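Comments concern the structure below.
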Amino acid sequence: MKKICISAGWTFRDGVHEKKVVDLPHDFLIENPRNPESVGWARNGFYDGANGDYTKYLTLDGEHVILDVDGAYMCARVYLNENLLYTHPYGYTPFLVDLTEGMRRGRSNKLHITTQNLQPSTRWYSGAGLYRDVFLWVGGELRMEPRSLAITTPVATEEVGEVKAKLTLTADRSAAVTLKTRITGPKGEVLAESSCDLALTAGNTTLNLAYSIENPPLGDTENPNLCFLDAAIFENGELRDTHRERFGIRTIYADSKVGFLLNGKPMKWRGGCIHHDNAGLGAAAFPAAERRKIEKLKAAGLNAIRTAHNPPSLAMLDVCDELGMLVNDEAFDMWNMPNTRYDYSLWFADWWQRDLKDMIERDRNHPSVISYSIGNEITERDGRSDGYRWSKKLADEVRRLDDTRFVTSGICGMWYKPDEDAPEDYKAEFYAPYTEPGSGDVGSSWDERTEKFMEPLDIVGYNYLYPRYQADHERYPDRVMWGSETHALKFYDSWKIIMESPYVLGDFNWTAYDNLGEAGAGKYLWARDGYLPGIVLQEYPWRSCYQGDLDLCGDRRPQSYFRDAIWRGGAEPRIFTTHPEHYGEGFSGTGWHWYDVWESWTFDAKYIGKPVRCEVYTDAEEIVFLLNGKRVGAAKPEKAIAALDIPYEPGEVTAIAYKNGEMVGRHSLKTTGAPYKVELKPEKATLVGDNRDLVFVGVTVVDMEGNRVARAEPELTAIVDGGELVAFFGANPANEDDYTTGRAHAFDGRALAVIRAKNPGSVTLTVGTPGLGAGYVTVTAE
């Protein structure tokens, strides 16, 4: 069947604003004002729930037409010509709707999709509406429908690759046909071909195809080497249908003795958890935005992501395939027991099987996908509400749909306790037969409570429980573990154990990229402002979690450099400083925070001579510090951090890294002047004028010498000529900026503009503010 993107030209109504024409992907929630009293509260970034209606008139032709919606948040209803055809509660799984019976061939058809964003329904920013792409599949009487082809590669060595394909042909009538297939490699070279004659009867015919390829182009994280399998149906020499599927020739394996093997070679997962939003774009899954996110994460040292805590967009998986990023594909954040009032638990019992099918049948041919997670921090993990049986049911269903990937779940400690006003006899039996909840600490009842929940899993995700790795390995020597979530502050210790332990496959930091919602989960405080005893979500105007290694604009935060120094080394130093006003002051945070450090050597004159803590994240043996060219001291790293207190003096502070007595890298910070102008740097010079492609433009506040002025936060205004400003924002996790107005405050001297164009031509972005020189840049839409 022919796949057609129909994301352009939908009429949108939300019952509040004037109707307008929009192109998908479209998250209308990000366009709405935030509400300090929102029932979604900090979890959803203080955005209220809302309803959205999308209408598109189409002329439909062909014997069969299938609608393919990659994601609609949430409670979607699909109508064709005023008739309700389908409802889909879950906001994160793709779904197919057969339009054939209700369509009017050759005439106008009204396709109408409604969504309801109920709040609270997630523990993070959800977005709303048709926030992913929508397609049509059009075919005839003899066809290959979407998801009709499943490809596996059970053998992948340098000498030979075995490819197996299960292909279903659908026919409305009996027919004598010839099926021709061809596998091509990353350069278009033909790797294998086949042809067979078939006598089809009305209904489905499923074939099992096999190919042997000599010296196959193996795919891995550095060289994805994507291949294609093309299938074509001929009847009496005439082409009836074609189908193309992209895949990779690779194998995955894991056990507790050798760890994880990709094509027979050991590797550790340098992973990170990411939510589905794209910061100022909201949840809209623009292919260009999904690509940018993965490119930046890979540049920061990651080779794997976990899609916390829902299936990703098709665009995201395509990018991960192309860039060699491994994916832990997660299905659910809850089962029957809720996390929030209107979450998926309301529908789980009736829909879990259909949603797993939708997810896995879409994702199974993506070589980037290495595991399916059946849930994150599921309340039933200790057996309550029949949790052990549900774990087995879901794991079995995953394997029925695809037995070539690992089945897993992210599991944390228990924190449940009886109500304070509960009767004493109820309290006494609350933890029975144990005496505590199973916190996850070594020695607690966690392992006994979760053992049966874990039994159906191939690999077990440990959320914040790295101290258990060694003890649990002794008790369960065949258990394969992975750090499904870890704190940045504890990363050095957790990674050290991982590198020493083949039974732990890798680590996924929480989080790799800052996300909207879970507002303030990464907050810290100096003693003058109070004390944070642990994780507490924050009140308005907090908007993002502020936990990411990369901030909302995609710029690397200090902990990203810390993690990379441990992961990949290289000894390249990077200096971060704590403001001298805080020298010696007490400090606290949620536990998901990082230190209050910045890339800055610019402080008021009153701090001259005052000590400034300088720290460098590195795998070097020694860091020598210079101030204005003079050596002021040296430090040996402790757990990858080399720190020295240096009396402040304007000028330049330099860190030089040494290994084996030889200099291997250096980095400097300069005292900057006052903000002077705005500089713009587009990440590419051209874009497609299709209203889908995007250009991201870095906005930097600089001094007269062109140096970024750290911690500068002027309010900036952005204007676009010849195109559209899709979003304009800084990385501040807690301000009141509206990302869609063209006005935003810089954060740490930076902001980000996102532009697009509907037609070919020049697109000019201007950003400025009173008192600073404006920045201009022009890109070309083609």
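Rounded to the nearest whole Hz, the Karplus-based 3J(HN,Hα) values (6.51 cos²θ - 1.76 cosθ + 1.60, θ = phi - 60°) of the range 471-487 follow the sequence 5, 5, 5, 5, 7, 10, x, 8, 6, 9, 10, 8, x, 6, 8, 9, 7, with x at glycine and proline. When only the Cβ of Lys, Arg, Asp and Glu is charged (+1, +1, -1, -1), the dipole of the chain relative to its Cα centre reaches about 1080 debye. Binning the alpha carbon pair distances of the range 566-702 at 10 angstrom intervals from zero yields the distribution 11, 32, 29, 19, 7, 2, expressed in whole percent. A DSSP coil position with no more than 16 other Cβ atoms inside 10 Å describes the following trypsin sites (Lys or Arg not before Pro) in the range 140-245: ARG173, LYS187. Each of GLY706, ASN735, THR686 was placed along the dipole of the range 685-781 (beta-carbon charges, centred on the mean Cα), and the one lying farthest toward the positive end is THR686.
Sites listed here are GluC sites (Glu not before Pro) in the range 222-254 whose DSSP assignment is loop and whose Cβ has at most 10 other Cβ atoms within 10 Å: GLU222. For the range 600-743, the dipole from Cβ point charges (+1 on Lys and Arg, -1 on Asp and Glu) about the Cα centre works out to 620 debye, to the nearest 20. Computed from Cα positions, the angle between helix 348-363 and the longest principal axis of the chain comes to roughly 90 degrees. Applying 1/(1 + (r/R0)^6) with R0 = 51 Å to the Cβ-Cβ distance of TYR57 and ASP425 gives a FRET efficiency near 0.20. The gain in end-to-end length when the THR741 to GLU448 segment is fully stretched comes to 100.1 nm, 0.36 nm per residue minus the alpha carbon separation. The HN-Hα couplings worked out from phi for the range 594-607 by the Karplus form 6.51 cos²θ - 1.76 cosθ + 1.60 (θ = phi - 60°) are 10, 5, 7, 10, 9, 8, 8, 10, 10, 9, 4, 4, 5, 9 Hz, whole numbers, x standing for Gly and Pro. Taking every C-alpha pair closer than 8 Å and separated by at least 6 residues, the mean separation divided by the residue count of the range 234-303 gives a relative contact order of 19 percent. For the chain, the solvent-accessible area with a 1.4 angstrom probe is 39 square angstrom per residue.
So which aspartates and glutamates can LYS758 reach, going by Cα to Cα under 15 Å and dropping same-chain residues fewer than 8 places off? Within the straight-line limit of under 15 Å, LYS758 reaches these aspartates and glutamates: ASP23, ASP690, ASP693, ASP721, GLU724, GLU782.
Assuming a ≥ b ≥ c are the square roots of the Cα gyration tensor eigenvalues, decide whether the range 403-554 counts as rounded (a/c under 1.5), prolate (otherwise, with a/b larger than b/c) or oblate. Taking the square roots of the gyration eigenvalues as a ≥ b ≥ c, the range 403-554 is oblate. Between ASP493 and ALA202, the modelled label-to-label distance comes to 6.9 nm, taking each label 7 Å out from Cα in the direction of the beta carbon. The slack in the chain from PHE234 to LYS20, taken as 0.36 nm per residue of separation less the alpha-carbon distance, amounts to 72.6 nm. Using a 1.4 Å probe on the protein heavy atoms, what percent of the accessible area of the range 1-117 belongs to carbon and sulfur? Its accessible area is 46 percent carbon and sulfur atoms. Given a Förster distance of 41 angstrom, what is the FRET efficiency for ALA685 paired with LYS639, based on the Cβ-Cβ distance and rounded to 0.05? Given R0 = 41 Å and the Cβ-Cβ separation, E is 0.45. Per-residue Karplus couplings for the range 193-204, computed as 6.51 cos²θ - 1.76 cosθ + 1.60 with θ equal to phi - 60°, are listed in order as 9, 8, 8, 8, 8, 9, 10, 7, 10, 4, x, 9 Hz, Gly and Pro entered as x. Think of each Lys and Arg Cβ as +1 and each Asp and Glu Cβ as -1; about the Cα centre, that makes the dipole of the range 163-291 roughly 460 debye.
All Cα-Cα distances of the chain, cut into 20 Å bins from zero to the largest, leave 15, 47, 32, 6, 0 percent in each bin in turn. Less than 5 angstrom separates the built amide H of VAL160 from those of ASN215, all sequence-distant by 5 or more or on a different chain. For the range 412-511, chymotrypsin sites (Phe, Trp or Tyr not before Pro) meeting the loop criterion (DSSP other than H, G, I, E, B) and having at most 16 other Cβ atoms within 10 Å: TRP415, TYR416, PHE430, TYR434.
Computed over the alpha carbons of the range 643-735, Rg followed by Dmax gives 18.9, 56 Å. The base-10 log of I(q)/I(0) for the range 251-311, evaluated at q = 0.12, 0.25 Å⁻¹, reads -0.40, -1.06 [Debye formula, identical scatterers on Cα atoms, solvent excluded].
The values are calculated or read from the model by the stated rules, or taken from the named source; none is laboratory data. All figures in this text were calculated on a predicted structure; none of them were measured in a lab. Note that each Cβ is placed from the backbone with ideal geometry, even for glycine, and that neighbours are counted across all protein chains shown. When the accessible area is computed, the model is the full protein with side chains, heavy atoms only, and any ligands, DNA or RNA have been set aside. Shrake-Rupley method; radii C 1.70, N 1.55, O 1.52, S 1.80 Å.
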